[in-house]
Amino acid sequence: MSSTRKKSQIALTAALMVTALAIPLAGSFGGEVNAAPGKRCSDLARVKIPAHAIGLPTGGATVASAISADAGGTGNQAYGRHCLVSGTIKPVDPAAPDIRFQLALPEKWNGKAAMLGGAGLNGTIPPLTNASNLWGSQKQPLPLSRGYAVFSSDSGHQNAEGEHPAAFGANQEALRNYAGDALKKTRDVAMKLIDSHYGRTPHKSYFIGYSKGGGEALAVAQRWPSDWNGVVAGAPGWNVTAVALEGLKAAQATAVPGAWLNEAERHTLYQGVLGACDALDGVRDGVISDGRGCEARFDPATLRCPGGADTGDSCLSDVQLTALKKINDPLSLSYAVGTGESSIPGQPVYLADHGGGVPGSVHKDMLFQLSAYGATPPAFPPTPRMGMFLADGVLRHMIAGDPGFNTLTMDLASGSGLASRIEAHSSLFSNITDLSPFRKNGGKLLLWTGGAEPAARTTAQYHSRVQATMGPARVSSFLRYYEVPGAQHGFSSAFHPEWDQLATIENWVEKGIDPKNDVVVTDDAGVPGRTRPLCLYPSWPKYTGSGDIGSARSFTCASR
């Protein structure tokens, strides 16, 4: 054998050995990386990411700290040792605040990444080591517990004491970051750091969000479809402008003298609706499963006080019934919001427990604050315990740019001179109904909301728009939409669902297991431990007529 040929064989053998050794280090799909082949945790503290490496304009990113964190958590939410990275992404506008982010890099990495969405007006980084931001999956294994590299950000501003949490919106770059730009910037920075630490980028990436985070989930599927394999959008406040208008409509209705309901009157309302609608699903179980059937059946006039006057807590006055109707009914607008809607659809106000349905409920204070009524009657300027607080901030600080603008007296239908500003603000939020690029990339989307959510109808409206744009058949190939009967925003005294959202989207993306009507959710509030099927919209759980009413096996998904 010639010396040249011998050297070639030696080189080839060495190359094959290196390749063979490199495979377990890099981690095969679905495997774990036990030793990072890239930078050590402490080395990441010196990493800077230039602006050109980030998909949207920034001033670049800097890691402020990278520390080895101990294992923690308990039960199925126990997690292992990890590298906790904290950093900032600089703005282009020097007057804009930084984006602050965190990234947890587990020692035993599963080769995948998950980004967590925010809540409300954001301003803080969702925790990576507890489930406080994972509504509907707060008792399920954390992404970090499963070996995911997990990251999130404050969306590009920091809450300041003594300042309204919407005040940041006066800065346009901060507002664009909040509306979605910070998601892309944070994701790109996280990918660079993951690559630096493990020696490769994730082979699967997921986004999980609820409320504002649900709207953010829709935003990433719409705007950066190639970045994500699966997205979970829970109770999405998908268009902040429309949600704010809806909240102010409710506030204006209940600000009328005598219109606000106290706790006992809310109890009267909720019990009246249950009496008319609870059995529509075949069993009286404290859950109104057939929400649309209930809204067609329930007559608020059955709760009217004699003569229509306010004669006590056991009935409702004409003023209160009029306010309820205004909250429930749609409102036509002289301008467009969202994906072109020239109206806001109203809230399912009759289906919700506004904090009076179950006296003594541990969730009562949250129900008060997140209902159409709030914990205290609306007034200007509002306090955080008023249901209008966040909606008012959006209009005053982000749109009007006038902290003294009285949102209780504005004409919502015309916009009170702010129509063009309202439209411009609305255009920043999740307005794309053609999700073809996400679908073509193989992406899967779980969209879900509570049937008694204040913004439930806007979610159904968005789903309908996507179907109209793409066609139901194409939509059904990658999107599943569920409404959970009785569930409200954040908490519910009727039915608060718990289900493994990450596992559901993961199994659909990676194993082809279509969730269809096969997901079972567990009640964590009304009757803790009972189960129900999660039914594809517009179907709902109907009792079969026999069997344990606490078991999902005794229910089928029905349509009217």
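Using the scaling law 2.2 N^0.38 Å as the reference, what is the normalised Cα Rg of segment 461-560?
Relative to the rule-of-thumb radius for its length, segment 461-560 sits at 1.14.
Please rank VAL232, VAL484, fewest neighbouring Cβ atoms within 10 Å first, as an exposure proxy.
The fewest-first ordering by Cβ neighbours comes to VAL232, VAL484.
Quick check: from the Cα gyration tensor, does segment 220-352 come out rounded (a/c under 1.5), prolate or oblate?
The shape class here is oblate.
Mean residue ellipticity at 222 nm from the helices of the chain, using -39,500 (n - 2.57) per DSSP H segment of n ≥ 4 over the full residue count, to the nearest 500 deg cm²/dmol?
Helix contribution divided over all residues of the chain: -9000 deg cm²/dmol.
With a Cα-only, solvent-free Debye model of segment 159-262, what are the log10 I(q)/I(0) values at q = 0.11, 0.22 Å⁻¹?
-0.50, -1.20
Please report, in cubic angstrom per residue, the volume enclosed by the convex hull of the alpha-carbon atoms of the chain.
Value for the chain: 172 Å³ per residue.
Just to confirm my numbers, what's the Cα centroid distance between segment 124-150 and segment 180-213 in Å?
15 Å
Rounded to the nearest 5, what % of DSSP beta bridges with both residues in the chain are antiparallel?
Antiparallel: roughly 60 percent of the beta bridges in the chain.
For LYS249, which lysines qualify as cross-link partners when the Cα separation must be under 27 Å and same-chain residues fewer than eight apart are set aside?
Reachable lysines: LYS212, LYS325, LYS326, LYS364.
Please compute, over every Cα-Cα pair in segment 374-497, the percentage with a separation greater than 23 angstrom.
The calculated P(r) of segment 374-497 puts 51 percent of pairs beyond 23 Å.
Using only the alpha-carbon atoms, what does segment 242-426 span along each of its principal axes? Please give whole angstrom values in decreasing order.
48, 36, 30 Å, listed from the longest principal axis down.
Compute the orientation-averaged projected area for segment 209-257 from the convex hull of its Cα atoms and round it to one decimal in nm².
Mean projected area for segment 209-257: 3.5 nm², to one decimal.
Please get the size of the charge dipole for the chain, origin at its Cα centre, with Cβ charges of +1 on Lys and Arg and -1 on Asp and Glu, quoted in debye to the nearest 20.
2460 debye
Using the Cβ atoms and a cut-off under 13 Å, what net charge is assigned to the surroundings of GLU498, where Lys and Arg are +1 and Asp and Glu are -1?
Spelling it out: positives minus negatives among the neighbours equals 0.
Quick one: Debye curve from the alpha-carbon atoms of segment 295-393 only, equal weights, vacuum; give me log10 I(q)/I(0) at q = 0.11, 0.22, 0.25 Å⁻¹ to two decimals.
-0.42, -1.30, -1.34
Restricting to Cα pairs below 8 Å that are 6+ residues apart, what does the relative contact order work out to for the chain? Please round to a whole percent.
Answer for the chain is 12 percent.
For segment 115-173, restrict the atom set to alpha-carbon positions and state the Rg and Dmax in Å.
In Å, with Rg to one decimal and Dmax whole: 13.6, 40.
Which net charge results for the neighbourhood of ARG46, defined as the other residues with beta-carbon distances under 14 angstrom from its beta-carbon, given Lys and Arg at +1 and Asp and Glu at -1?
Overall, the nearby charge balance is +3.
Between segment 475-539 and segment 282-351, how far is it from one alpha carbon centroid to the other, in angstrom?
26 Å
Please give every one of the aspartates and glutamates within straight-line cross-link reach of LYS542, meaning a C-alpha to C-alpha distance under 12 Å, and leave out same-chain neighbours fewer than 8 residues apart.
ASP278, ASP281, ASP285, ASP290
With the convex hull built on the Cα atoms of segment 31-202, state its orientation-averaged projected area in nm².
That works out to 9.9 nm², a quarter of the Cα hull's surface.
Work out the count of Lys pairs in segment 31-202 where the Cα-Cα distance is under 22 Å, with the pair 8 or more places apart or on different chains.
Taking segment 31-202 as the scope, the lysine pair count is 19.
In what sequence do THR458, THR376 fall when counting other Cβ within 10 Å, fewest first?
Fewest to most other Cβ atoms nearby, the residues stand as THR376, THR458.
Readers should treat all values here as calculations from the given coordinates under stated rules, not as data from a laboratory. Quick caveat, the model's predicted, so the values are computed rather than measured. For neighbour counting, all protein chains shown are included, and Cβ atoms are generated from backbone atoms with ideal geometry for every residue, glycine included.
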